[in-house]
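J.: The structure follows.
Readers should treat all values here as calculations from the given coordinates under stated rules, not as data from a laboratory. Just so we're clear, the structure is a prediction, and the values are computed from it rather than from any experiment. As a convention, Cβ positions derive from the backbone with ideal geometry for all residues, glycine included, and neighbour counts pool all protein chains shown.
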Amino acid sequence: MQRSAAMTAADIDQTVRATIHATWRVVQPRLIATLSRMLRDVPLAEELTQDALVTALEAWPAIGVPDNPGAWLMTTAKRRALDHLRRGRMLADKHDMLARDMLQEQETVPDFDTALDDDIGDELLRLIFTACHPVLSREGRTALALRMICGLTTSEIARAYLVPEATISQRIVRAKRTLSNSGLAYETPGGEALSERLASVLEVVYLIFNEGYLAARGDEWLRPQLCEEALRMGRVLAGLAPDEPEVHGLVALMDLNASRTRARTDANGDPILLMDQDRTLWDWLQIRRGLRSLERAGELGGGGGFYALQAAIAACHARAESPGATNWQRIAQLYAELSRLVRSPIIELNRAVAVGMASGPQAGLDVLDAVAGTPALAAYHHLPAVRGDFLQKLGRLVEARQAFEAAAQLATNGRERALMQRRAAAIEARNI
């Protein structure tokens, strides 16, 4: 990294730390997957990758950012693993084999795309399948996988589930302890074992995609690399379980939503809401792929599944040539079906939006009011954001501005916070 003479030590330190964390978000899952394969111990692999991060935070401000920071972190993490194997006095044949392999790889850049010699052929998916072992609680499986694979903080995972941060932290600690004490192998399940873990794996992939589609924190609205990772894993799962309709439903949902990526932000990275997007920027090839996957889910009898219903909603938007052509009545019906399938205040909030578009803002506000007091939504910024939109359309501008201001205070993503602030300011400017 070139250091300008005009940069202060604090500037350099801040720049280096930002680079470390940006690199870490990208390579962390690969580090854990690689070390898990070597050590056959997922919690230990995560611990040693954290050690590599600490080493980078200590070393890089002094030595500068390496030319290939991802490879530097990988090499450091592998050395930690090798040290552990040496200290542990593992069986000589296993120790020698693993140590020899790692020593040969230490100074090379890892080929992250090389397929493994197993049924999955995707190391990240194998890690997710391991973390989703049925010996763990359902909640623990997904929380642990999201922490390791997605690199989400406990607060970000808590936001996804609308539960207290302490609850998520406890789930992760218990899951790690169980995984360590059980002696479970870092493995690729097959047959019935694969099937019994599939629902949890789908949930993890779904939540990884959601974090990429709308980042919980930070200054960027999107994390495209997470969307791409989730899509790739979804397609691998569709090949592994071609007769499972929900797999195809999830792939359809991700393809249809991801097709709008280029239209979702402006040149500055600021959000562009769905109704304001330039639909010529949508990826119509990806839309056709998504529609085919949705059709396949229906052919397998899964058109009413959790992911397929959401994909059907996304398909309504994809088929509309313009915002005015959107079939909001159908979307409201689909959300009603989804709400009957899964009782969730977030689904009801989304149904309120659809009802408001189909039957007017007061009808939408009535649906919203029915869930507004739900404790899980108390810190959910989309609730006041949707309320503000309804109130603005009803001409209740003072209340609308207050709602947008409340949404801005609750938003943990910088881009969303700025969007809510702009909407509030626009209303205030109208009243001056």
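J.: What is the Cα convex hull volume of segment 368-432 when expressed per residue in Å³?
T.: Expressed per residue, the convex hull around the Cα atoms of segment 368-432 is 68 Å³.
J.: Please find, in a Gaussian network model of the chain (springs between Cα atoms separated by less than 10 Å), the residue of ILE20, ILE32, ILE208 whose mean-square fluctuation is greatest.
T.: Judging by the Gaussian network model, the answer is ILE20.
J.: If you don't mind, there's one more thing I want to ask. Taking Cα pairs under 8 Å and at least six residues apart, what relative contact order does segment 201-347 come out at, in percent?
T.: The normalised contact order for segment 201-347 reaches 21 percent.
J.: What list of ³J(HN,Hα) couplings, whole Hz, do you get for segment 353-367 from phi and the Karplus terms 6.51, -1.76, 1.60, once you set θ to phi - 60° and write x for glycine and proline?
T.: Taking θ as phi minus 60°, the curve returns 4, 5, 5, x, 6, 7, 10, x, x, 5, 5, x, 5, 4, 5 Hz for segment 353-367.
J.: Among ALA426, ALA318, ILE157, whose Cα sits farthest toward the positive end of the charge dipole of the chain (+1 at Cβ of Lys/Arg, -1 at Cβ of Asp/Glu, about the Cα centre)?
T.: Checking the options against the dipole of the chain, the answer is ALA426.
J.: Where does each of GLU203, GLU165, GLU299 land when they are ranked from fewest to most other beta-carbon atoms within 10 angstrom?
T.: GLU299, GLU165, GLU203
J.: Considering only C-alpha atoms, what is the centroid distance from segment 8-64 to segment 222-287, in Å?
T.: Centre-to-centre (Cα) distance: 29 Å.
J.: Continuing with this model, one more query. Mean projection of the alpha-carbon convex hull of segment 241-312 over all orientations, in nm²?
T.: Its Cα hull, projected and averaged over all orientations, spans 5.1 nm².
J.: Short version: ³J(HN,Hα) in whole Hz for each residue of segment 270-287, in order, from phi by Karplus 6.51 cos²θ - 1.76 cosθ + 1.60 (θ = phi - 60°), x for Gly and Pro, what are they?
T.: Result, ordered by residue: 7, x, 10, 5, 3, 5, 9, 6, 7, 6, 6, 8, 5, 8, 6, 5, 5, 4 Hz.
J.: Given H placed on each backbone N at 1.01 Å, which residues far from THR265 in sequence or on other chains put an amide H within less than 5 Å of it?
T.: Residues meeting the amide H criterion: ILE272.
J.: Then there is this: Largest first and in whole Å, give the semi-axes of segment 335-415's equivalent ellipsoid, each being the square root of 5 times a Cα gyration tensor eigenvalue.
T.: For segment 335-415, the ellipsoid semi-axes come out as 20, 17, 10 Å.
J.: With a cut-off of 8 Å between alpha carbons and a minimum separation of six or more residues, what is the relative contact order of the chain in percent?
T.: 10 percent
J.: What's the exposure ranking of TYR161, TYR380, TYR307, going from fewest to most Cβ atoms within 10 Å?
T.: TYR161, TYR380, TYR307
J.: Can you pull the semi-axes for segment 199-336, root of five times each eigenvalue of the Cα gyration tensor, sorted largest first, whole Å?
T.: 23, 19, 12
J.: Could I ask something else about it? Pick from CYS316, CYS132, CYS227 the residue whose mean-square fluctuation is largest in a GNM of the chain, springs joining Cα atoms under 10 Å.
T.: CYS316
J.: Moving to a separate point now. Calculate the spin-label point distance for VAL163 paired with ALA370, positioning each point 7 Å from the Cα along the beta-carbon direction, and give it in nanometres.
T.: Calculated label separation equals 2.6 nm.
J.: Further, regarding this structure: Give me the orientation-averaged projected area of the Cα convex hull of segment 287-432, in nm², one decimal.
T.: 9.7 nm²
J.: Let me ask something else. Mind telling me which of ALA308, ALA378, ALA238 comes out most flexible in a GNM of the chain, alpha-carbon contacts under 10 Å?
T.: ALA378
J.: Whole-Hz Karplus ³J(HN,Hα) for segment 408-418, in order, using 6.51 cos²θ - 1.76 cosθ + 1.60 and θ = phi - 60°, x for Gly and Pro?
T.: With the stated coefficients, segment 408-418 comes to 5, 5, 7, 5, 9, 9, x, 5, 5, 4, 5 Hz.
J.: For the chain, compute Rh as the Kirkwood radius over C-alpha pairs and then the Stokes-Einstein diffusion coefficient at 4 °C and 1.567 mPa s; write the answer in µm²/s, rounded to an integer.
T.: 55 µm²/s
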